[in-house]
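First the structure, in the form of structure tokens, and then the observations on it.
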Amino acid sequence: MKIEQKKHSKDNQILKKHVAAIHIGAKLSLLQRKLVNALLYNAYDQLLTGEEHHISASVLCEMIGFDSKNIGYLKGALKGLMETVVEFDVLEEDGERSWEAMVLLPYAKIKGGTCTYRYERALAEKLYHPDVYSKINLSVLREMNSAHALVLYENCYRFEGIGHTAWWDVEVFRKLMAVDMMPSYKPFKALNRNVIQPAMKEVNKLSNIQVEMETRMKGRTVTGLRFIVKPNAQLSLVGMDSEDEITDRRAYKALMAEGVSKTLARAWVIEHDEDYIFEKLDLASSEAAKGKIKSSKAGFLRAAVENDFHNENTAKKQALEAAQERKTAREKLERKLETLKAAQREAETSYRWHVAEIIENAFQELSEGQREAVAAEFQRGLGSSIYVNAFKKGGWKDRLNAVEIRKFWSARDLYLPSPAEWAQKNGSNEPETLKAQIEGLELEIKNSVVSVEPN
């Protein structure tokens, strides 16, 4: 029996996700968290009416950005979800806390390239209600590279319209990030350095929001935190405009006077005491006065703070300057890579539309009866309803079926230029040439070294 598959668009997948589910305290891997979102997206419309849900295993892998053909690895991740007990710890509207626990996925099966799975009724009802959902962008989740960044994105995105998250107690936040059982993250400066800052950097680089952290202090101890949430139009970190105890400290103001960013100054003041900060400020001023700083003073100051430079540690300073030069070279390569990727996307799109116009013209020259017969013949060869529905919507210009469309019309003796022929005739970049350049540049970047270990 042919199973009806839901159409998935890679460009605009929005998941309506119950806010309680976003507060899952379970220790899930990055792949498992992406699976949770993708499976829910696929099943959402039938959560309360369907006992079982189906999705192509290959489509599922594509949705979560898992390009491996090792289905065994996917099976292991699904099994992990079936063994996961999920805690829902939610602050209700009446101010009362509500706690529940249940199995995340009670059943899963992969057969004939199709993944079948079920939800418990209680979990399905909790996930479905539209009055308490957050919209999560699956296109963003597919790009995430760390579980901490994914958790931070899920918990911040629903607050974009408000402008900030709720305040979290530090212990609650550790549990949210699944590091509450790790003693090494007990000190806040370790939690901030190894979990929060890397997660924020990834969210701000890859997602459609930008986040900034605010903290609450009791004495010199951080007791709570929340995140400022803004649309990420320029994909960059945004400085904080509001003032609090951190921004009022002498060390923070001194760092700002040296041109250090708000985000970085805030992180340093949280992680280090004022004596440490002023020691590095004095060192930077002394070295600058001697003319010994080859890079910028702010760049040297960052190295001094993060690597604990002292006046006698000349070797360490030289090593960092060399690392900064390599980092600059790598950043230049990364900018070149982004330019090449943009050119490749533009070339592929232009070529696809050029070929589609040739096909559409040939199709329109047929009689009405011939057009119906040709369209029906092509659809029969597609197999999956996902591709059939995409073709019905996009016709011969459909992007999802572009390769099959070209093969089909070439078999009908319609001349279609190759990408190389098209590029030469139109003075354009050839997509395959750009692809080779991109792969070579990615390998060069991967092999580059941007930091050094101090002696």
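Say the cut-off is 31 Å between C-alpha atoms; which of Lys327/Lys425; Lys79/Lys126; Lys297/Lys435; Lys126/Lys393 go over it?
Beyond 31 Å between Cα atoms: Lys327/Lys425; Lys297/Lys435; Lys126/Lys393.
Taking the Cβ of Pro419 as the center, what net charge do the other residues with Cβ under 12 Å away carry, scoring Lys and Arg +1 and Asp and Glu -1?
0
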Length gained if Ala411 through Lys392 is fully extended, taking 0.36 nm per residue and subtracting the Cα-Cα distance, is 4.8 nm
Just rank Ser410, Ser56, Ser428, fewest to most, by other beta-carbon atoms within 10 angstrom.
Ser410, Ser428, Ser56
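Does segment 332-446 classify as rounded, prolate or oblate by the C-alpha gyration tensor (a ≥ b ≥ c root eigenvalues; a/c under 1.5 gives rounded; else a/b over b/c gives prolate, otherwise oblate)? The partial results should precede the final answer.
Details: a/c = 3.14, a/b = 2.03, b/c = 1.55.
In terms of gyration-tensor shape, prolate.
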Do you know the relative contact order of segment 144-238, to the nearest whole percent, from alpha carbon pairs under 8 angstrom that are 6+ apart?
36
As a quick test, which of the pairs Lys292/Lys446; Lys109/Lys446; Lys230/Lys392; Lys109/Lys397; Lys189/Lys230; Lys205/Lys280 have an alpha carbon distance above 27 angstrom in this structure?
Lys292/Lys446; Lys109/Lys446; Lys230/Lys392; Lys109/Lys397; Lys205/Lys280
Within a 10 angstrom radius of the beta carbon, how do Lys446, Lys280, Lys435, Lys393 rank from fewest other beta carbons to most?
Lys446, Lys393, Lys435, Lys280
Name the residue farthest towards the positive end of the dipole of segment 285-404 from the options Gln324, Trp353, Ala402, assuming +1 on Cβ of Lys and Arg, -1 on Cβ of Asp and Glu, about the Cα centre.
Gln324
Report the local net charge at Ile359: Lys and Arg +1, Asp and Glu -1, summed over other residues whose C-beta lies under 15 Å from its C-beta.
0
By the gyration tensor of its Cα atoms, with a ≥ b ≥ c the square roots of the eigenvalues, what is the shape of segment 335-388: rounded for a/c under 1.5, prolate for a/b over b/c, or oblate?
oblate
Count charges around Arg118 for me, please; just the other residues with Cβ under 13 Å from its Cβ, Lys/Arg as +1, Asp/Glu as -1.
-1
What is the fewest-to-most order of Lys34, Lys109 by other Cβ atoms lying within 10 Å of their Cβ?
Lys109, Lys34
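Read-outs: derived from the displayed coordinates by stated rules, not from any lab. In this text the structure is predicted, and so the values were computed from the model without any measurement. Neighbour counts run over all protein chains shown; Cβ positions are idealised from the backbone, glycine included.
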